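The values are calculated or read from the model by the stated rules, or taken from the named source; none is laboratory data. Computed from a predicted structure; not experimentally measured. Reconstructed Cβ throughout: ideal geometry from the backbone, glycine too, with neighbour counts over all protein chains shown. Accessible surface is based on the protein model in full, side chains and every heavy atom, while ligands, DNA and RNA are left aside. Shrake-Rupley method; radii C 1.70, N 1.55, O 1.52, S 1.80 Å.
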Amino acid sequence: MGIARLYEVTAKDLVVWNNLTDPNQIHVGRELLVGPPADAVAQPIAIGEPVEVQPVKPGSDGNGVLVKQEPKGGKQPYSDEAWASVQPRSTLPPVVPPVAPEADKTVAADAVWLWPVSGQVIGTFDEAANKGLDIAGKPGDPVIASAGGKVVYSGSGLRGYGKLVIIKHDANYLTAYAHNQQLLVKEGESVTKGQRIAELGSTDADRPKLHFEIRKQGRPVDPMKYLPAR
């Protein structure tokens with residue numbers, strides 16, 4: 001089937017996705033799925049049933065058959081959507097939609113957070129574009145826990161983060177450590193402040209660096225408000 005070749009799928013898949021009874025007879029104007037449907041397959045139009053003929057236009061296969069394009073995911077580094085995708089595997093709190101930035105008045109005076117690596121900051125916090133800090137370093141540099149807590153994620157399942165560790169510190173705060181070349185802790189493990197948890201790397205990144213995030217109640221906050229001056 002020409003439509004199958006055009007969209008690089010098999011004719012058998014088109015038959016199943018569209019519940020076709022005769023794949024060789026498709027009426028002009030018939031809408032087809034060219035990818036697995038999210039919910040249910042489209043209902044077939046019986047052979048001989050009158051249909052409205054549509055002119056060929058962008059989005060058709062060139063033969064007048066309208067094609068329903070399913071959206072395809074793209075790489076969205078440091079996105080809230082990416083964080084939401086790990087919730088079935090961990091105890092992360094729900095992602096809160098971004099709100100207008102404001103000063104964080106809940107930071108305790110005695111809450112001392114540690115820098116996770118000692119390199120130069122090459123990317124600062126921007127809630128719209130960068131959910132944390134990017135810190136340069138050499139492959140293999142030690143990455144330490146900024147504060148004590150429990151590892152709720154250790155893996156490479158989030159697009160844009162590479163090999164990632166997420167630590168839950170209390171009911172409000174999480175920290176994330178991305179782009180590592182090696183992870184040294186596992187999910188469910190308790191860690192102490194300053195403990196080595198990974199080795200700096202460049203997984204899913206353009207250079208060796210650590211991407212570090214602090215999230216309060218699921219929302220990214222500026223780590224510079226929490227980390228000591230240096």
- Message: Could you check the spin-label model distance between Arg230 and Lys150? Points 7 Å from the Cα along Cα→Cβ, value in nm.
- Response: 2.9 nm
- Query: Once the Cβ-Cβ distance between Lys193 and Ala129 is put in as r, and R0 is 45 Å, what FRET efficiency do you end up with, to the nearest 0.05?
  - Reply: 0.95
- Give me the accessible area per residue for segment 177-230, probe 1.4 Å, as a whole number in Å². 45 Å²
- Query: Which percent of the accessible area of segment 117-202 is formed by carbon and sulfur heavy atoms (probe 1.4 angstrom)?
  - Reply: 47 percent
- Item | Exposure of Val15 as accessible area (Å², to 10), given a probe of 1.4 Å and all protein chains | 40 Å²
- Item | Net charge of Cβ neighbours under 13 Å - reference His169; Lys, Arg +1; Asp, Glu -1 | +3
- If you take the alpha carbon radius of gyration of segment 154-228 and divide it by 2.2 N^0.38 Å, what ratio comes out, to two decimals? 1.06
- Simple label model, 7 Å out from Cα along Cβ direction - Lys216 to Lys186, nm: 3.5 nm
- Item | Filtered GluC sites (Glu not before Pro), segment 168-230: DSSP coil and at most 16 other beta carbons within 10 Å | Glu187, Glu189
